[in-house]
Amino acid sequence: MNTTYLSLEIKRIVRSPQFTIFTIGMPVAMFVLFGSIFGKLIAPNGIAADVQTMINLAAYGASGGALFTGTRVAQERTDGWQRQLRLTPMRGPGYLVVKVISAMAVALPVLLVVFLAGLALGVHMTAAQWGLVLVSLWVGVLPFAVLGLAIGLFGKGDTVGAVTGALMMPLGMLGGLWIPLYVLPDWMATLAHFFPTYWLGRLGLEPLAHAGGLGLAVLVLAGWLVVPALVVVRRFRLDTARL
């Protein structure tokens, strides 16, 4: 893996206005909004609503940041980057690994900024809980990084950004990250189980809820990791064979 290319890739993403405005700014703004609406409630699992809202919106922002890295992959495919790649020492697997690592790197500052907003607005957790939630969410973003890569390998540079943005709406709303599921109809709570964002939120809440759902959340997210990973490998091989 080329560490220089990885460093340039991360810097290029972080410096983009889209990253600052949408990937970081939107989750923070949504946390402030929904926190003011639901912040005084107590969830059925005993977690204060402001804590759960912060964790859910941090999960939403981090997963969105990881997914949106696929837009760069699509643009590079459109620009013929894979043809240029064959003229460099970097090989296909290294290119894919760089994209996944850069997506994970992008997700981390999103989590940190939302958590800082939570601290500023009076969210209370122990130091251990802050750390466990942060690590859980960050590791749980890995399937979204691979899913974003898969979208980028199938999409086109001028459309994949819009497709990913449209995808984030149902992932956030129907996945139970925007509005607490306990204030929604039962059928929406059931529907949420089919979205990976729901399980990412569950993973983040587990250090506080101790509801016994950790194993299931990990298993479901592992499925969302393995299937897109197989798709990515297959698609990349087909693309490379055409060059």
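Just to be sure before I move on: is PRO228 buried (at least 17 other Cβ atoms within 10 Å of the Cβ), touching a residue at least 40 places away in the same chain (Cβ under 8 Å) and under 26 Å from GLY131 (Cβ atoms) in the structure I sent? For PRO228, the condition - buried (at least 17 other Cβ atoms within 10 Å of the Cβ), touching a residue at least 40 places away in the same chain (Cβ under 8 Å) and under 26 Å from GLY131 (Cβ atoms) - is not met. So in region 67-99, with the set limited to residues that are in a helix (DSSP H, G or I), of a type in the set (Val, Ile, Thr) and farther than 17 Å from LEU238 by Cβ, which one is modelled with the lowest pLDDT? Going through the qualifying residues, I end up with THR71. Scoring LEU134 on the criteria (1) at pLDDT below 90; (2) open to solvent by less than 50 Å² (accessible area, probe 1.4 Å); (3) within 19 Å of the chain's Cα centre (by Cα) leaves a single failure, condition (1).
Of all residues in region 14-66, which are open to solvent by 10 Å² or more (accessible area, probe 1.4 Å), among the small types (Gly, Ala, Ser) and at pLDDT 90 or above? ALA29, the sole residue that qualifies.
With respect to LEU177, determine if the residue is in a helix (DSSP H, G or I), open to solvent by less than 40 Å² (accessible area, probe 1.4 Å) and touching a residue at least 40 places away in the same chain (Cβ under 8 Å). Taking the combined requirement at face value, the residue does not satisfy it.
Is it true that VAL218 is closer than 23 Å to VAL100 by Cβ, open to solvent by less than 20 Å² (accessible area, probe 1.4 Å) and either touching a residue at least 12 places away in the same chain (Cβ under 8 Å) or outside any helix (DSSP H, G or I) (or both)? No: the conditions fail for VAL218. Scoring VAL123 on the criteria (1) within 23 Å of PHE68 (Cβ to Cβ); (2) open to solvent by less than 30 Å² (accessible area, probe 1.4 Å) leaves a single failure, condition (1).
In region 159-174, which residue that is open to solvent by less than 50 Å² (accessible area, probe 1.4 Å) and either β-branched (Val, Ile, Thr) or in contact with a Pro (Cβ under 7 Å, 6 or more places away or on another chain) (or both) is modelled with the highest pLDDT? Quick ask: steps written out before the conclusion?
Pass one, region 159-174, residues open to solvent by less than 50 Å² (accessible area, probe 1.4 Å): 160-161, 164-165, 168, 170-172, 174.
Restricting the remaining residues to those that are either β-branched (Val, Ile, Thr) or in contact with a Pro (Cβ under 7 Å, 6 or more places away or on another chain) (or both) gives 160, 164.
Numbers: VAL160: 80, THR164: 84.
Taking the candidates together, the pick is THR164.
For region 197-205, the criterion of being over 17 Å from the mean Cα position of the chain (by Cα), open to solvent by less than 30 Å² (accessible area, probe 1.4 Å) and of a type in the set (A, V, I, L, M, F, W, C) is satisfied by no residue at all. ALA217 meets the conditions (1) modelled with pLDDT under 95; (2) more than 16 Å from the chain's Cα centre (by Cα) in every case but one. The failed one is (2).
Screening VAL113 on (1) touching a residue at least 12 places away in the same chain (Cβ under 8 Å); (2) open to solvent by less than 40 Å² (accessible area, probe 1.4 Å); (3) part of a helix (DSSP H, G or I) shows it passes everything except condition (2).
The values are calculated or read from the model by the stated rules, or taken from the named source; none is laboratory data. This structure is a prediction, so every number in the text was calculated from the model and none was measured. Methodologically, a virtual Cβ is constructed for each residue, glycine included, from the backbone with ideal geometry; neighbour enumeration extends over all protein chains shown. Side chains included, ligands, DNA and RNA excluded: accessible areas come from the protein's heavy atoms. Shrake-Rupley method; radii C 1.70, N 1.55, O 1.52, S 1.80 Å.
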